[in-house]
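So the structure is just underneath, and the comments pick up after that.
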Amino acid sequence: MMLTAGLLYLALFALAARMQRHKPVLLDAWQRRPLVAHLEMAGWALLALSLLSLGLAADPGKALVTWVGLLALLCGAIMLGMTYRPALPRIGVPVAALMIPLGLMSLF
């Protein structure tokens, strides 16, 4: 689940950062970089990868329910972070990126 949560957080952050309204809050000085234009495609790809990572779970039904719960939880965390403390969702990006290799290592 750590792998799924990391992928899902990065996907939701990328999708939110691509929106014109949220770009200044989430990206700050990074919004003028050329790769920002590809955030939407990366977000959808990461969302699909997080859904595909459920295939590694022992119980796919329980994993799908957990994924839906994580989707709502992480959306809420990013939304509340953008509203009250914009630095918090940005801090979550390296944490989520670290969760991906840790989740992969826990599989073996």
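For the reader, a short list of remarks on this structure follows.
- Filter result for Ser106 (open to solvent by 80 Å² or more (accessible area, probe 1.4 Å), part of a helix (DSSP H, G or I) and of a type outside the set (Val, Ile, Thr)): yes
- Every test in (1) open to solvent by 30 Å² or more (accessible area, probe 1.4 Å); (2) assigned to a helix (DSSP H, G or I); (3) at pLDDT below 90 is passed by Gly81 save one, and that test is (1).
- Scanning the range 52-78 for residues being open to solvent by less than 100 Å² (accessible area, probe 1.4 Å), within 19 Å of Ser106 (Cβ to Cβ) and more than 11 Å from the chain's Cα centre (by Cα) gives a total of 9.
- If you check Ala16, Ala87 for being in contact with a His (Cβ under 8 Å, 6 or more places away or on another chain), open to solvent by less than 80 Å² (accessible area, probe 1.4 Å) and among the small types (Gly, Ala, Ser), only one passes: Ala16.
- Among the criteria (1) open to solvent by less than 90 Å² (accessible area, probe 1.4 Å); (2) among the hydrophobic types (A, V, I, L, M, F, W, C); (3) touching a helix residue (DSSP H, G or I) at 6+ places or on another chain (Cβ under 6 Å), the one Ala48 does not fulfil is (3).
- Condition check for Leu3: open to solvent by 80 Å² or more (accessible area, probe 1.4 Å) and closer than 17 Å to Gly103 by Cβ: no
The values are calculated or read from the model by the stated rules, or taken from the named source; none is laboratory data. Only a predicted model underlies this, so the values are computations on that prediction, with no experimental measurement involved. As a convention, Cβ positions derive from the backbone with ideal geometry for all residues, glycine included, and neighbour counts pool all protein chains shown. What goes into the accessible areas is simple: the full protein's heavy atoms, side chains included, and nothing from ligands, DNA or RNA. Shrake-Rupley method; radii C 1.70, N 1.55, O 1.52, S 1.80 Å.
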